[in-house]
Amino acid sequence: LLLFGIFTFCIFDSRNYNNKSRFLFFIFFLFVVSAFFNGDGLYDYAIYVESFNDYENRIIEPTFLLFSHLIHQLLNGEVLYLFLIYSFLAITFKYYAIKELSVLLIPSLYLYLCNFYIAQEWIQIRSGVAAGLLLLSVKAVFDRNLMKFLLLVLLAALFHVSALMFLIVYIFNPSKISKIACLLIFMLSYLCYFIHVDFLSVLRWAAFIDIIDSKLNAYENIAIGTANVFSIAQIIKVCVTFFLLYNVEKIQLYNKYAIILLKIMLLSLCVLPLFASDAVAGTRIRDLFGTVEFILFPLIVYLFKNMFQGQIILFLIGAMLFTISMFNLLIR
């Protein structure tokens, strides 16, 4: 709440949106908080501790096994070091991604705090590192640098195997976008939901890979039912995304990555209805693609004649998403 208050104050200070010293200080502070956060009582935290203590008998991503082995061999098996490593990597990768892709550094940090920081850096720590690497790969898509893109995605998959789904992003044209096609694809994803087409079965087909099968079983064990494809968070994201899509020509003047960011965000919105049969899998895969939103959504401030109006809208978007994140944290 303290961080939210500080960041809210900062998004109304447009003169310092790209103040590098302030940006670096906030990044460091976010790292310290996430690295030393006590996650007792959170489902994922307990699972991480159990997996860390019994890593030799777990089917899990190779980086987790490597870190666990090194900590047990060199650092007396203290689990705190595991969280330090993941926090450092996740926030460092996102730091460089925001620097590379965003033209509004502080507003991007604001939305990162509001909607992803708690979920990815406190709870889904492996996914947090993978998401940072996938964000870094967006520039490679824009530059059509296939080797760099593959390297980053495969490296991300070593932290969280679901990152392999990001490979589809390379087929996107980063310089052209059809508003009608985007709308139709989005509508098609919801049509699939209504006629009960379950794309999670496609992942089940790929479950001959032990780690994928293990991941899907873990999601099922959380057992919170099907995803709410009309949740407040989903509706907010849909409204903002299509408002930006409608004004894509304007925001592209400020950020050359706007088109590829919009396409990835649209894919994120389509994921939830396509994988709705499992709320945990659908939400987490959606958010893995959706990390682009804290690069994309701040561009909304440029779509109003008076920037203060845009800042108010940005604040409201962040405040609503932050409230949902806090509520989800408190009910765990």
**Prompt:** If you add up the charges near Leu154, with Lys and Arg at +1 and Asp and Glu at -1, over every other residue whose beta carbon is less than 14 angstrom from its beta carbon, what do you get?
**Reply:** 0
**Request:** Could you check the simple spin-label distance between Ser178 and Ser231, using points 7 Å along Cα→Cβ, in nm with one decimal?
**Result:** 3.1 nm
**Request:** For the chain, build the charge dipole from Cβ charges (+1 Lys, Arg; -1 Asp, Glu) around the Cα centre, then report which of Met265, Tyr17, Ser127 sits farthest towards its positive end.
**Result:** Tyr17
**Message:** Compute a Gaussian network model of the chain, connecting alpha carbons closer than 10 Å, and tell me which residue from Tyr48, Tyr246, Tyr302 fluctuates the most.
**Reply:** Tyr246
**Fill in**
Given (i) 58, 48, 42; (ii) 71, 55, 39; (iii) 57, 42, 42 as possible values of Cα extents along the principal axes in Å, the one from the coordinates is (i)
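Roll a 1.4 angstrom probe over the protein heavy atoms and tell me the percent of accessible area of the chain that is carbon or sulfur. Walk me through the numbers before you get to the answer.
Values: 10250 of 15200 Å².
Answer for the chain: carbon and sulfur cover 67 percent of the accessible area.
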**Asked** Considering only protein heavy atoms, what per residue accessible area in square angstrom results for segment 287-332 with a 1.4 angstrom probe?
**Response** 42 Å²
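With a 10 Å radius around each residue's Cβ, average the other Cβ atoms per peptide and rank 119-131, 155-167, highest first. Walk me through the numbers before you get to the answer.
Values: 119-131: 25.5, 155-167: 20.8.
Those peptides, ordered most packed to least, come out 119-131, 155-167.
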**Prompt:** Among Phe297, Phe67, Phe93, which one shows the biggest mean-square fluctuation in a GNM of the chain, springs joining Cα atoms closer than 10 Å?
**Reply:** Phe67
**Net +/- balance of residues flanking Ile106 in space, Cβ distance below 10 Å, scoring K and R +1, D and E -1** = 0
**Request:** About the Cα centre of the chain, how large is the charge dipole given +1 on each Lys and Arg Cβ and -1 on each Asp and Glu Cβ? Please answer in debye to the nearest 20.
**Result:** 1400 debye
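When ligands, DNA and RNA are left out and all protein chains stay put, how many square angstrom of accessible area per residue does segment 12-143 have with a 1.4 Å probe? Present the calculation step by step, with values, prior to reporting the outcome.
On the way: 5490 Å² over 132 residues.
With the other protein chains kept in place, segment 12-143 gives 42 Å² per residue.
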**Prompt:** Span-like helices, the chain: DSSP H, alpha-carbon axial extent 27 Å or more, mean Kyte-Doolittle 0.5 or greater, which ones?
**Reply:** 80-101, 125-143, 307-330
**Request:** Could you please report the charge total around Asn19, scoring K, R as +1 and D, E as -1 over all other residues with beta-carbon less than 15 angstrom from its beta-carbon?
**Result:** +3
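The values are calculated or read from the model by the stated rules, or taken from the named source; none is laboratory data. Predicted model, so just to flag it, every value in this text is computed and none were measured. Heads up, the Cβs are rebuilt from the backbone with ideal geometry, glycines too, and the neighbour counts pull from every protein chain shown. These accessible areas exclude ligands, DNA and RNA; they are computed on the full protein's heavy atoms, side chains included. Shrake-Rupley method; radii C 1.70, N 1.55, O 1.52, S 1.80 Å.
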